[in-house]
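Asker: Sharing a structure, written as structure tokens. Questions coming.
Every number here is computed from the coordinates shown, using simple stated rules; none is lab data. Note that this is a predicted model, so its numbers are computed, not measured. All Cβ positions, even for glycine, are placed from backbone atoms using ideal geometry, and neighbour counts span all protein chains on display.
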Amino acid sequence: MTMNSCQPSLVALTVDGREVSVPAGTTVFEAARAAGIEIPHLCHHPWLKPTGACRLCVVEIKGARGLPTACTTPVAPGMVVQTESERVVEARREILDLILANHAAECLTCEKAGDCRLQDYAYRYGVARTSYHGERRQYPPDESNPFFYRYHDRCIMCGRCIRVCDEVMAVNAIDYAYRGFRTKVATAYEVGLEESPCVFCGNCVAVCPTGALQPKLSVGQGRRWEIHKVRTVCPYCGVGCSLDLEVRDGERPRVVGVSGGDGPTNEGLLCVKGRFGWDFLHSPDRLTRPLIREGDGFREASWDEALDLVARRLGEIREKHGPHSLAGLCSAKCTNEENYLFQKLVRAVWGTNNVDHCARLCHASSVVGLGMAYGSGAMTNSLADLEQATLYFVIGSNTTEGHPVLSLRVKRGLRAGAKLIVADPRRTELAERADIFLQHLPGTDVALLGAMIHVILEEGLENREFVAARTEGIDELRASVAALTPEYAERVTGVPADLIQQAAREYARAERAAILYAMGITQHTTGTDNVLAIAALAAVCGQVGREGTGVNPLRGQNNVQGACDMGGLPNVLPGYQSYRDGGLRRKFEEAWGPPLPTGDGLTVVEMMEAAAQGRIRGMYIMGENPMLSDPDLGHVEEALRSLDFLVVQDIFLTETARLAHVVLPAAAFAEKEGTFTNTERRVQLLRRAVPPPGEALADWEIICRLAERMGYPMSYAGPAEIMDEVTRLVPSYGGMGYAYLGEGGKQWPCPQPGHPGTPILHREKFARGRARLFPLEFRPPAEVPDTEYPLYLTTGRILFHYHTGSMTRRARGLQAIRPDPYVEIHPDTAAGLGITDGQMVEVASRRGSIRLRALVTDRTAPAVVFIPFHYAEAAANVLTNPALDPQARIPELKVCAVRVRPA
Amino acid sequence: MSAVALKEQELKQRLEPILVRHGRAPSGLIPIMQDIQAEFGYLPREAVEEAARWLKIPLSKAYGVITFYAQFHLKPRGKYVLRVCLGTACHVRGGEKVLEAVSQELGIAPGDTTPDLRFTLERVACLGCCGLAPTMMVNDQTFARLNPQKVKEVLAQFAES
Ligand code: SF4
Ligand code: SF4
Ligand code: SF4
Ligand code: FES
């Protein structure tokens, strides 16, 4: 490459007398910004391509005719630009006058007043009112959807909402309709947004320069100048979007809104949960005082009484039945600091390794499988870096709904010309956009992936250099996939052999191919094998260790990565350091004091088993809801009820908390400090915006108080000090002290203060040296359909709810838009069973049955039904199979056999 | 809405040749819409949806385009299109009364079509025959110097046959 082609030449110009040099192709608008001058603008926005619609950004350019719009005019050498000349100001006044002619200037009651661009510019240029007195456009407001209003009479037709819905979201729910005076922003056929393709990301609301789009939750909650913003992290999914909580101070400070923070994960964008799902914070259902069981109910108690009781009962059980009769579940929803303290309590104070959390149910297979193959169980690449891919292979991930803001990166990549292969039993939104869609049967991933490797090796498409230099075990792999021919895979998976071949070739030949996967891969009795197959596929093709490539497990919960990193697992200490390694164990013993247990702890599902058998007698559950999240709920309930003592610490009285002897009220994400680690290993700071309700306390404080009562003082001034301890014990977190995290956070490994963090793993060598290629063998799921239970059931998440719904189902908008459980059934299957859309049906498995409505749709395959697992009233996990993956001990939540009939 | 809603099957059969003829280039949207209108007399919603899918154009965009042009009709049109003139001359000589009479007689508002798809009522700015005001056109035929009584007679002519 020559110097010229990689360094665009600079153009020098003057803006308002200031000299500035910018790369050729920059617009005058951007050049002015580079010179520190903000040109007034209404239609332009950094997320969007300039259109020149509003004309407010006009400037005077020496020698040019008329007044060009700065946002669409490219710079030229020697340009002399004036941004506030008399002519410019005159023109802007006229433009504002015209805009106001069609704008209901109701600033007295408009929520946007104080943060409205139109108001700002009218003030700045002294345009008090319009001088036009014709008819004004009159359309009634659209109030139909649960999230936001559209006030047509405040719309200035800048088109930002339309373009963000198109260019950023690729949803295209809205466009201009009609013409001239009657023009309005509308959905097709003017149906309500809830009947359009709209996903309620609210990014249109965020970019609207006026008060035309208003979140319903914020109406009447305070004027803009009474509100300040607190930068923190979204509490929902593993994408870890940065967001600003809008807080109104007063006697009881309240969150009154949310806007996107321009962090490196999301660059200001949000999804519906992040933007409109925060009102659970102020729900009347929040727990505000400790509760102690009394008969069938609870009574309120003081912290002293409740904690004394917990310490005494757990102590007694430990005394009588030994340390291994106790078990704890920490939480993928709590901070790193809290998870660290929790496992420290279990290990150092109780003396057992019986600590686990719901990562077991989502990505245990990734942690184990990628650990075995590459030496590190995390996402290899970064969110931003995903945009560099020339091909995406998305398998077992409904990215658009599960990781919405991350899916926007994929869409950006697609727009730039990348190819897309999707493998999923359901025709997901991404599948609709795919170049190749492989609709395989649930639980047949190894056959599918193995056949792809078969094709690649047989046709010599592997990356020989990479295989030779950086992997081991190619011969064993080759031998094992010899039997996994595309024809065999076609019989097992239901995917035509030639599609499998095509997909294999495309993936192998792509310049930069990124694999994205989620629970469709991991939640199987073959979860570890599935992950090993993915790891092998990527390694064989050399699609790892570079930008735009990699094996990217998309972590579910906001801090599931962190809870694992902090040792919330029964087989490793913080930082995945083995307690079997004497040196490592001693490091922790020196830091913590007591000798540490060395026997393997129990995993989530095993704990339930042990509780039912009386081997576990006491449990402490922090921020988890196994009564909805775990497989075979009937059994879970039996197990929890048979405990001598159960403590549940949460923000709501969840299905699990109802079974507890003591319930401890915890602070929610907006009410405490700490850090979350997102799916790309980025550690980000959480900030306190409002106080917790009533007497609720941050989880870390509760753990400290309890530990002290159990004879082990934990005294920390705050989460920062807890993190300091972590940095001394966990090498990959060595540089994660709060002072070094910075605004955007850092990605581990970050071994010492000042280290920039690591966006891409396995660059020069794999964490374990060479990537290990494991032989592959296809095993069918533990339970497959038969004559009695003839259909596959697969479960999953939907966009509008989260996990067990304890938060989202208390968020008014989210609950309003998806209030009820449903089961997706293919039209042919439904017809065969005499089931029509919307009808109540009974779905039964060998373990139980639930009643819910049928949603007849060809999104699912004829042999497969799908149920979202968020709904307690028809819990999918009543049906699911607790059979475990032998290595990762993850249950097979994605496949079991069911029967459906009209109810 | 209409008693003779198009059967899905029939719609598909009549639509397909139009789509195939024009191919999938997004620029084909307007010609396709013109042909659909020629075929069905208006733009059935299902046909627009199908065409948008075919062209891989967002439905919101297609809707924007068809509402932008006055030539496109989103609702079925009657066999007889009544255009009541409300140009200055007609207006002065009682055009509004004529319109009102037609509207009452047929039980529909301007812009609408009778459920039996016989009549569509429209108001127009000027038909260009001010000497005959107030006037109305029924398809290509012009009726002059109308009053509410005459309206009834004119409509009666088209009610049968
Ligand atoms: S909320 Fe999102 S999807 Fe819906 S119209 Fe706005 S930008 Fe489009
Ligand atoms: S609603 Fe807002 S963003 Fe959309 S066109 Fe109107 S003013 Fe612009
Ligand atoms: S994508 Fe995930 S982290 Fe981002 S706003 Fe949505 S739920 Fe929150
Ligand atoms: S900001 Fe440049 S034309 Fe609107």
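Asker: Check chain B for me: any Cys whose beta-carbon has no other cysteine beta-carbon within less than 4.7 Å?
Answerer: B:Cys126, B:Cys129, B:Cys130
Asker: Under the definition of partner shielding as Cβ atoms of other protein chains within 10 Å of a residue Cβ, what is the mean value for peptide A:174-181?
Answerer: For peptide A:174-181, the averaged partner shielding equals 5.
Asker: Let me ask you something else. Indicate the gyration tensor shape class of the stretch A:254-344 (rounded, prolate or oblate), computed on the Cα atoms with a ≥ b ≥ c the square roots of the eigenvalues: a/c under 1.5 is rounded; otherwise a/b larger than b/c is prolate and the rest oblate.
Answerer: Oblate is the answer for the stretch A:254-344, as a/c is 1.5 or above yet b/c matches or exceeds a/b.
Asker: Also: Jot down the radius of gyration and Dmax of chain B, Cα atoms only, both in angstrom.
Answerer: 18.3, 53
Asker: Still on this structure, I have one more. Counting helices only, and only those DSSP H runs with n ≥ 4, report the 222 nm mean residue ellipticity of chain A as the sum of -39,500 (n - 2.57) divided by its residues, in deg cm²/dmol to the nearest 500.
Answerer: -8000 deg cm²/dmol
Asker: Over 24 Å between Cα atoms, which of A:Lys765/A:Lys894; B:Lys7/B:Lys152; A:Lys49/A:Lys184; A:Lys273/A:Lys411; A:Lys112/A:Lys229 qualify?
Answerer: Correct reply: A:Lys765/A:Lys894; B:Lys7/B:Lys152.
Asker: For a bin width of 10 Å, list the pair-distance distribution of the stretch B:8-68 built from all Cα-Cα distances, rounded to whole %.
Answerer: Percent of Cα pairs in each bin: 23, 64, 12.
Asker: What aspartates and glutamates sit close enough to A:Lys216 to cross-link, taking a C-alpha to C-alpha distance under 19 Å and skipping anything fewer than 8 places away on the same chain?
Answerer: A:Glu106, A:Glu111, A:Asp115, A:Asp142, A:Glu143, A:Asp153, A:Glu194, A:Glu195, A:Glu226, A:Asp244, A:Glu246, A:Asp279
Asker: Among A:696-702, A:573-579, what's the highest-first ranking by average C-beta atoms within 10 angstrom per residue?
Answerer: Packing proxy ranking, top to bottom: A:696-702, A:573-579.
Asker: Let me ask something additional. For the stretch A:677-709, which trypsin sites (Lys or Arg not before Pro) are both in a DSSP coil and crowded by at most 16 other Cβ atoms within 10 Å?
Answerer: A:Arg687
Asker: Among residues other than A:Val207 whose Cβ falls under 14 Å from its Cβ, what is the net charge (Lys/Arg +1, Asp/Glu -1)?
Answerer: +2
Asker: Right, here's the next one. With charges only on Cβ, +1 for K and R and -1 for D and E, what is the dipole size of chain A about its Cα centre, in debye, rounded to 20?
Answerer: The calculation lands at about 1300 debye.
Asker: Taking a temperature of 20 °C and a viscosity of 1.002 mPa s, what whole-number D in µm²/s does Stokes-Einstein yield for the stretch A:45-164 with Rh from Kirkwood over alpha carbon pairs?
Answerer: 132 µm²/s
Asker: Please state the shape class of the stretch B:80-160: rounded when a/c is under 1.5, otherwise prolate if a/b exceeds b/c and oblate if not, all from the C-alpha gyration tensor.
Answerer: prolate
Asker: Please work out the FRET efficiency for the pair A:Ala101 and B:Glu46, using the Cβ-Cβ distance as r and a Förster radius of 41 Å; give the result to the nearest 0.05.
Answerer: 0.55
Asker: Where the eigenvalues come from the Cα gyration tensor of the protein assembly as shown, what are the semi-axes √(5λ) of the equivalent ellipsoid, largest first, in whole Å?
Answerer: Its equivalent ellipsoid spans semi-axes of 56, 35, 32 Å.
Asker: Using r as the Cβ-Cβ distance of A:Ala12 and B:Asn139, and R0 as 56 Å, what FRET efficiency do you calculate, to the nearest 0.05?
Answerer: Calculated value: 0.25.
Asker: When Lys and Arg each count +1 and Asp and Glu each count -1, what net charge do the other residues less than 12 Å away from A:Tyr712, Cβ to Cβ, add up to?
Answerer: +3
Asker: Please compute the average number of Cβ atoms from other chains found within 10 Å of each residue's Cβ in peptide B:54-61.
Answerer: 6
Asker: Grab the other residues whose beta carbon is less than 14 angstrom from that of B:Cys130, score K and R as +1, D and E as -1, and report the net.
Answerer: After counting each charged neighbour, the total is +2.
Asker: Need one number for the stretch A:769-903: average projected area of the convex hull over its C-alpha atoms, nm².
Answerer: 10.7 nm²
Asker: Ok, one more. What distance in nm separates the simple spin-label points at A:Arg433 and A:Ser849, each placed 7 Å from Cα in the Cβ direction?
Answerer: In this crude label model, A:Arg433 to A:Ser849 measures out at 4.1 nm.
Asker: Taking every DSSP beta bridge with both residues inside chain A, roughly what % is antiparallel (nearest 5)?
Answerer: Taking every DSSP beta bridge within chain A, about 60 percent pair in antiparallel fashion.
Asker: Determine, at each q value in 0.10, 0.14, 0.18 (inverse angstroms), the log₁₀ of I(q)/I(0) that the Debye formula gives when each Cα of the stretch A:192-335 is one equal point scatterer.
Answerer: Debye curve over Cα of the stretch A:192-335, log10 I(q)/I(0) at q = 0.10, 0.14, 0.18 Å⁻¹: -0.56, -0.85, -1.10.
Asker: Same structure again: Between B:Lys7 and A:Asp600, what is the label-point separation in nm under the 7 Å Cα-to-beta-carbon projection?
Answerer: According to this spin-label approximation, the distance is 6.6 nm.
Asker: Sticking with this one: Taking a quarter of the surface of the Cα convex hull of the stretch A:378-466, what do you get in nm²?
Answerer: 6.7 nm²
Asker: Per-residue Cβ counts within 10 Å, from other chains only, averaged over A:184-194: what number is that?
Answerer: Mean partner shielding for this stretch: 3.
Asker: Return A:Glu506, A:Glu246 ranked ascending by Cβ neighbour count within 10 Å, so the fewest neighbours appear first.
Answerer: A:Glu506, A:Glu246
Asker: If r is the Cβ-Cβ distance from A:Glu487 to A:Glu842 and R0 is 45 Å, what FRET efficiency results, to the nearest 0.05?
Answerer: It comes out at approximately 0.70.
Asker: Hey, another quick one. For Cα pairs less than 8 Å apart in space and 6+ apart in sequence, what is the mean separation divided by the residue count of the stretch B:8-68, i.e. the relative contact order in percent?
Answerer: Result for the stretch B:8-68 is 33 percent.
Asker: Report, ordered by chain and residue number, the aspartates and glutamates lying within cross-link reach of A:Lys672, taken as a straight Cα distance under 13 Å and ignoring same-chain residues fewer than 8 apart.
Answerer: A:Lys672 reaches A:Glu337, A:Glu338, A:Asp699, A:Glu701.
Asker: Mind checking which aspartates and glutamates have their C-alpha under 19 Å from B:Lys150, skipping anything on the same chain fewer than 8 residues away?
Answerer: Leaving aside aspartates and glutamates fewer than 8 places away in the same chain, those within reach of B:Lys150 are B:Glu96, B:Glu100, B:Glu105, B:Glu122, B:Asp140, B:Glu160.
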